[in-house]
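Only one structure is covered here, and it is reproduced in the block below.
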2 protein chains.
Amino acid sequence: MATIRDVARAAEVSVATVSAVVNDSAYVSPALRARVLDAVRELGFAPSQVARNLRRGRSDLVAIVVADLANPFYGRVVCAAEAAVAGWGYSLVVCNSDENPDAEKRILARLRMLHCEGLILVPVSNALPAAARETEGRRTPMVLFGRAFDDNRLDAVTIDNFAAAQQATNYLIDLGHSRIGAINGPLHVSTGRARMEGMQAALAAKGLALDSRFVRPGEFREDVAYSAARSLLGQPDRPTALYVANGLMALGVMRAISDLGLRCPEDLSVASTDNIPGVRGLKPVLTRTEHPIVDMVNEAVRLLVDRIKNARDEEGRTVVFPSSLVVGDSCAPWKAG
Amino acid sequence: MATIRDVARAAEVSVATVSAVVNDSAYVSPALRARVLDAVRELGFAPSQVARNLRRGRSDLVAIVVADLANPFYGRVVCAAEAAVAGWGYSLVVCNSDENPDAEKRILARLRMLHCEGLILVPVSNALPAAARETEGRRTPMVLFGRAFDDNRLDAVTIDNFAAAQQATNYLIDLGHSRIGAINGPLHVSTGRARMEGMQAALAAKGLALDSRFVRPGEFREDVAYSAARSLLGQPDRPTALYVANGLMALGVMRAISDLGLRCPEDLSVASTDNIPGVRGLKPVLTRTEHPIVDMVNEAVRLLVDRIKNARDEEGRTVVFPSSLVVGDSCAPWKAG
DNA sequence: TGCCGTCAGCTAATCGTTTCGCCAGCCACA
DNA sequence: TGTGGCTGGCGAAACGATTAGCTGACGGCA
């Protein structure tokens, strides 16, 4: 690979001049400029980002660490993030912590060495790994995405999970259901907990209680939701409606319903939160709350870039996006019997 | 951020000693070693990858450029690639060309500057952009994934698209169908073309012809497939069975079928190729050919790493994975009427 | 005691850029 | 013509690591 020195020699100018031409960072006379550009073309010179980054102290790299890349939801997030950071001239490094705190810790350590300029993090749990916290002084700008925890120095972009669950639950209540069950997400994750609390709040507001027999804790995974739904719905005494904590789980639940020979919505109404590509293909069309993923990611990247450019140490900003209920035909009014 | 010099000063040793301790690259007496490690901990020192890479001439970065990150199929590919390259100590840079040749060209130029050590490419079309081809001398190792074109210097990992389409089509033929239609992928892409050719070959082998009225060209997109299916199936004279070129398109086709009030498989049998997460949730369960994505990605990364480590200039290797037919209940025997 | 081999640890060159500070030449003004 | 400001272009010092090559102390052997 040709270096800037090779170009300088070929064009019979100094390396400083080559640099000036390549970066348009200073006026260079047309004659020299032409010589330099010829040499660049001749040698196929492309400046080494590595050297450039070392010198400039930047890397033009932004990283995103998601909690579960196998979940199509995060596939969409990564897709949107790639487009958003590319628009600002960054490349995107993608990492997957796979809901594993140790893996998350290792990844953050590795990224620190990579000198990424910014980091979008979908945290595995309620706190940063100790290693990341104890980093004093200048730390890399970071935005929490989707899941948040209270660290008032960090920016965060989330949806109103509490309200989303409330919306979906209210919809079921308004249809006349009172025996409402839930396939929950993990309660140690902010989204999982908030969605369960939102559901409980909605029930409580109408004087209904959440029957613990109708609730299954879970993980944000299709297979786990499938088993949970089978065990919950397999018993003779079962709810008439179900709130499912996310889209991936909803796929599992719908599969379980079909495998059990139940009909949706005749035997059971189902509502869920969050939209993933596969949910659109479900029959019946799922009633769910949706999030503006692309807008959310754009906002996260905006916040991140702002922090990278203006490295001020102001308080963390939290942007909460509203969710909207999309009515499908997976819910029916409650009928006695 | 503390540098190796800060650590050396704090531990009262030379930078060479610090480097030796940090990298375990030479014997250092226990006493000094302890002093160094203390200083490292004290200062929170992490060696700068950027400087290290400049010196070593490596970047520990592998890039993947996919043609459509919004397609969950590539979401799975990226997920598997992330895991695979992480196992080799690399970080993964993800780029999305969005089926756009210009974007692909820009991305490849940017990656060249990033000094990625290797590249997994799902090409947009049948050839490398000129810019990438004309790069003489040492080029970055590259493996084509999924889609290939004949450049006998490049490694490639693909499935046997021809056979996959043949398999699915034969299945439909064996059920007694003769009026078989197709929602195709783009024909300028190797996978799209090979699948159509496989289908035609299967029909021809049984003495059947592909009725051009029953064929819709397309793009690998859900919405495009939806429209194509609506227009194809909306006419009174329609096929009794349909081969759909990929999973994302199958989602669109199934949605169209349902919106048209048709029943699958009673009114129409559907078979497709490739597996994406959302397809599992479809009802009826889709009959399709599946690919071992994870194995394929692992193989691609293995080939890539091999080329990175042993930069020999031998011929490109092509690994073709077989696909397997997974029978669901989206196909029924043909009944006159 | 003197010589030599061994080896822990240090000094300094190097990777490929950017960029600060300097120099020389030119023009303008007095 | 002398002086001073302006500016195109250059030389060389960073950036932060790795590593080749050197130094000096120490122990063993004659």
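The values are calculated or read from the model by the stated rules, or taken from the named source; none is laboratory data. Owing to the predicted nature of the structure, the values given are computational and were not obtained by experimental measurement. No Cβ is skipped: glycine too gets one built from the backbone with ideal geometry, and neighbour counts run over all protein chains shown. When the accessible area is computed, the model is the full protein with side chains, heavy atoms only, and any ligands, DNA or RNA have been set aside. Shrake-Rupley method; radii C 1.70, N 1.55, O 1.52, S 1.80 Å.
A few comments on the model shown:
- Criterion (free of Cβ contacts under 8 Å to residues at least 40 places away in the same chain and either near DNA strand D (Cβ under 10 Å from one of its atoms) or surrounded by fewer than 17 Cβ atoms within 10 Å (Cβ to Cβ) (or both)) met by exactly one of A:92, A:54, A:69: A:54
- Meets criteria (closer than 23 Å to residue B:54 by Cα, near DNA strand D (Cβ under 9 Å from one of its atoms) and more than 10 Å from chain B (Cβ to nearest Cβ)) for residue A:62: no
- Checked against (1) open to solvent by less than 30 Å² (accessible area, probe 1.4 Å); (2) in contact with a Pro (Cβ under 7 Å, 6 or more places away or on another chain); (3) closer than 20 Å to residue A:190 by Cα, residue A:321 passes all but a single condition, namely (1).
- Of everything in region B:1-14 that is open to solvent by 60 Å² or more (accessible area, probe 1.4 Å) and part of a helix (DSSP H, G or I), the residue that is nearest to residue B:50 (Cα to Cα) is B:5.
- Exactly one residue among A:331, A:264 is assigned by TED's automatic domain parsing to the domain that holds residue A:171 and open to solvent by less than 30 Å² (accessible area, probe 1.4 Å), and that residue is A:264.
- Taking region A:278-297 as the range and being in contact with a Leu (Cβ under 7 Å, 6 or more places away or on another chain) and surrounded by fewer than 22 Cβ atoms within 10 Å (Cβ to Cβ) as the test, only A:280 passes.
- The strands (runs of 3 or more DSSP E) found wholly in region B:78-175 and carrying at least 3 residues that are within 14 Å of chain A (Cβ to nearest Cβ) occupy B:91-96.
- Only a single item in (1) touching a residue at least 60 places away in the same chain (Cβ under 8 Å); (2) of a type outside the set (Gly, Ala, Ser); (3) touching a helix residue (DSSP H, G or I) at 6+ places or on another chain (Cβ under 7 Å) is not met by residue B:304, and it is number (3).
- Which listed residue, of A:25, A:14, A:19, is out of contact with any Pro (no Cβ under 9 Å at 6 or more places or on another chain), small (Gly, Ala, Ser) and either closer than 19 Å to residue B:110 by Cα or more than 7 Å from DNA strand C (Cβ to nearest atom) (or both): A:14
- Pairs are defined by a Cβ separation below 8 Å, a sequence spacing of at least 6 or placement on different chains, a first member in region A:102-122 that is within 22 Å of residue A:299 (Cβ to Cβ), and a second member that is of a type in the set (D, E, K, R); the pairs so defined are A:117/A:58; A:117/A:60; A:118/A:307; A:122/A:147.
- Against the numbered list (1) away from chain B (no Cβ under 14 Å); (2) away from DNA strand D (no atom under 15 Å from the Cβ), residue A:42 comes up short only at (1).
- Unmet requirement for residue A:236, which otherwise passes all of (1) modelled with pLDDT of 90 or more; (2) open to solvent by 60 Å² or more (accessible area, probe 1.4 Å); (3) farther than 22 Å from residue A:142 by Cα: (1)
- Considering residues of region B:28-51 that are basic (Lys, Arg) and within 11 Å of DNA strand C (Cβ to nearest atom) only, the residue least open to solvent (accessible area, probe 1.4 Å): B:33
- Picking from residues in region B:1-14 that are of a type in the set (A, V, I, L, M) and under 44 Å from the mean Cα position of the chain (by Cα), the one that is nearest to residue B:35 (Cα to Cα) is B:7.
- Neighbours by Cβ (under 6 Å, 6+ apart or cross-chain): first from region A:139-151, under 15 Å from residue A:109 (Cα atoms); second of a type outside the set (Asp, Glu) and open to solvent by 20 Å² or more (accessible area, probe 1.4 Å): A:141/A:307; A:141/A:308
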